[in-house]
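Structure record follows, encoded as structure tokens.
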Amino acid sequence: MKLLIMSVLIFTVCTNTVAAQQSYKDAAGFYNLSAFEMASGLYLLENKTFFYYASFGNADLKLYGTYTIENQKLHLKTDENLNHAFYVYGSKHETTPSEFTLEYGRPYNGDAEDLIVKIGEEVFPLPKFTAEQDSVSITLKMAKTKVIALALKKPERQYYEGEVHDETPLVYESVQLTADTDKVLVYHNYYYDMTTQVSQMDYGIQQNTLTLKDNLENKTLQKKEITKDVEVEILAFIDNLKSKYLNIVIDEKTYNKL
């Protein structure tokens with residue numbers, strides 16, 4: 001009897017595994033998501049990697065990560081490098097400095113200019129940008145924990161009588177420094193909100209068809225097969241994008257991702 005139960009369990013697990021593998025094989029391909037004034041597409045690879053792109057206006061969004069299929073629903077999980085509001089890099093000093101300089105590059109979005117740095121319970125706003133400046137900086141004492149937190153100050157606006165004020169707290173993003181960090185470079189991720197929106201989109205998938213909710217309507221997209229050569233090119237392109245986040249070199253000085 002025990003042997004029979006064990007055999008049934010093994011058969012069930014194997015059947016479910018084969019079915020799951022088949023769903024990824026069926027889903028693998030290219031889906032054209034283009035719409036009015038927007039070129040967009042989604043590549044799903046059989047190894048559960050995805051690549052998404054969208055070009056519209058001044059935006060040129062490129063996302064990658066992994067995907068899962070459960071109950072005919074497609075879930076995109078963007079790569080960790082893309083899920084931060086800021087790109088942060090640090091340079092090292094031969095000694096252990098007691099303070100460091102934090103430099104913030106001028107963001108594309110003017111609403112993202114007011115950066116706030118929090119160390120422990122102390123908050124340090126950065127200087128305002130002038131028309132001539134591409135960056136602003138501040139010198140801070142190194143905390144014992146080597147942790148700093150970054151947030152954007154909400155744009156100032158005039159509230160009309162009876163209008164509810166925005167009381168949502170600032171969302172800080174923590175960054176771990178090293179003991180020998182002497183300079184920190186911070187850049188705003190212009191595509192942060194777009195990345196979040198794409199990963200939260202509602203996709204349905206079944207064999208060769210992707211269903212996307214567009215303006216409360218279901219938009220059905222047929223899969224286009226891709227060759228192994230295209231798959232290799234996509235993976236190489238993703239690896240190239242990943243490498244750009246590892247470090248940057250400015251004036252022959254290397255800044256590594258923090």
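What follows draws every value from the coordinates through simple rules; no lab data is involved. Since we're looking at a predicted model, the values are computed, not measured. Quick reminder, even Gly has a Cβ in these numbers, built from the backbone with ideal geometry, and neighbours come from all protein chains shown.
Which length gain, in nm to one decimal place, applies between Glu46 and Ala59 when the Cα-Cα distance is subtracted from 0.36 nm times their residue separation? Display every interim value, and only then the final one.
Details: separation 13, 0.36 × 13 = 4.68 nm, distance 2.83 nm.
Between Glu46 and Ala59, full extension yields an extra 1.9 nm.
Report, in whole Å, the centroid distance computed from the Cα atoms of the stretch 228-244 and the stretch 83-134.
Using only Cα atoms, the two centres lie 31 Å from each other.
Give the Rg/Rh ratio for the stretch 61-112, taking Rg as the radius of gyration of the Cα atoms and Rh as the Kirkwood radius, to two decimals.
1.19
If I take R0 = 51 Å and measure r between the Cβ atoms of Ala131 and Asp202 in this structure, what FRET efficiency does the formula 1/(1 + (r/R0)^6) give, to the nearest 0.05? Please report the intermediate quantities before stating the final value.
Values: r = 43 Å, r/R0 = 0.84.
Efficiency, from the Cβ-Cβ distance: 0.75.
Find, among the GluC sites (Glu not before Pro) in the stretch 28-132, those assigned to loop by DSSP (not H, G, I, E, B) with at most 16 other beta-carbon atoms within 10 angstrom.
Glu37, Glu46, Glu94, Glu121, Glu132
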